[in-house]
Amino acid sequence: MSVKVFIDGEEGTTGLGIRERLSVLKNVEVVSIVPQFRKDPVVKKSLLSEVDLVILCLPDAAAKETVAIVDSLGEKAPKILDASTAHRIAPGWVYGFPELHDGQIDAIREARRVANPGCYSTGAIALLRPLVEAKLLRSDYPVTINAVSGYSGGGKAMIADYENGKAPSFQLYGLDLKHKHIPEIMAYSKITRFPLFVPSVGNFAQGMLVSVPLHLDQLNGKPDAVTLEMVLAEHYRSCPSIKVVDYENSGNRIEPESLNNTNLMELSIFANDQRNQAVLVAKLDNLGKGASGAAVVNMRLMLGI
């Protein structure tokens, strides 16, 4: 059975990535709006009434406007998959991280409204939630999250600056400590204290590392690295897209690009048990598992493809 999908904001980086991935699915018809009518609510309403699902690749305010149009359609309303940050912790929306817990895949399948996770959030939540659920990490632990992403996650202006040689090789940002991914990281990691989150951008197109340093003697039970590995491996035992790297084979360095163009994520632990210190690292493609790839996985679940 063929389904119709409308990507609202298909000209952006995430939208283009989704469209490219959908082009190989024979049972999905991507419906587009004529460019000059992109912001015409009457034309958009008519199109929305004819599709099975709409994927929002828009700024938050514009995403809320499209949701309002969908709300006015009644029984003709399509399902919604929102890739913006507008609804990630909103009531009535299911968080689109299938590996969050055992029941999340079914929740996404049954949902009419799903919020696609942020790229940094995907890595941070993947590392933190299993430790909180295993009661090794207190919900009020002073978590620090450091991360680096390829410049493709920064939008058209940043991409142009890097590709034209106008951007620095490396830069920290979000230093007001109010990054837009923090609310969802807290909500779905089950932590109650604002994490100290310091993101950065490097001079490479795509790929991402999200790292969480920990003082092991400050965790409940004072676990060693092997225990942390066992907790992560147990949590993701039935998740083919998430691999927990054998602690003994982690080495002492890691690069961000080896999972590019995939929907995979690797979780690694680097530790010095004698010093009671560890660094947990999530590696993923910020455009794959962290954006467009995740959206297509969620879309397929929502539409039963």
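Observations
- Split the accessible area of the range 113-262 by element, probe 1.4 Å, and carbon with sulfur accounts for 51%.
- Take the Cα of LEU175, step 7 Å toward its Cβ, do the same at THR262, and the gap between the two points is 3.5 nm.
- Ranked order, ILE269, ILE254 - accessible area, probe 1.4 Å, largest first: ILE254, ILE269
- Its DSSP H runs of at least 4 residues, each contributing -39,500 (n - 2.57), put the calculated 222 nm mean residue ellipticity of the chain at -9000 deg cm²/dmol, to the nearest 500.
- Heavy atoms of ASP40 accessible to a 1.4 Å probe, total area in Å² rounded to 10: 50 Å²
- On a per residue basis, the range 87-166 carries 40 Å² of accessible surface, using protein heavy atoms and a 1.4 Å probe.
- Cut-off of 10 Å, at most 13 other beta carbons, DSSP loop: longest stretch of the chain lacking such trypsin sites (Lys or Arg not before Pro): 40-134
- Of the GluC sites (Glu not before Pro) in the range 45-93, the ones in a loop by DSSP (not H, G, I, E or B) with at most 14 other beta carbons within 10 Å are GLU50.
- The modelled label-to-label distance between ALA160 and GLU248, using points 7 Å beyond Cα along the C-beta direction, is 5.3 nm.
- Put a plus charge on the Cβ of each Lys and Arg, a minus charge on the Cβ of each Asp and Glu, and nothing anywhere else: the dipole of the chain about its Cα centre is then about 480 debye.
- Chain lengthening between HIS215 and ASP71 when straightened (0.36 nm per residue, less Cα-Cα): 47.1 nm
- Charge dipole of the chain about the Cα centre (unit charges at C-beta), most positive-ward option of SER250, ILE55, ILE18: ILE55
The values are calculated or read from the model by the stated rules, or taken from the named source; none is laboratory data. Predicted model only: the values in this text are computed from it and were never measured. When we count neighbours, we look across all protein chains shown, and the Cβ atoms used for this are built from the backbone with ideal geometry, even at glycine. Just the protein is used for accessible areas: all its heavy atoms, side chains included, with ligands, DNA and RNA removed. Shrake-Rupley method; radii C 1.70, N 1.55, O 1.52, S 1.80 Å.
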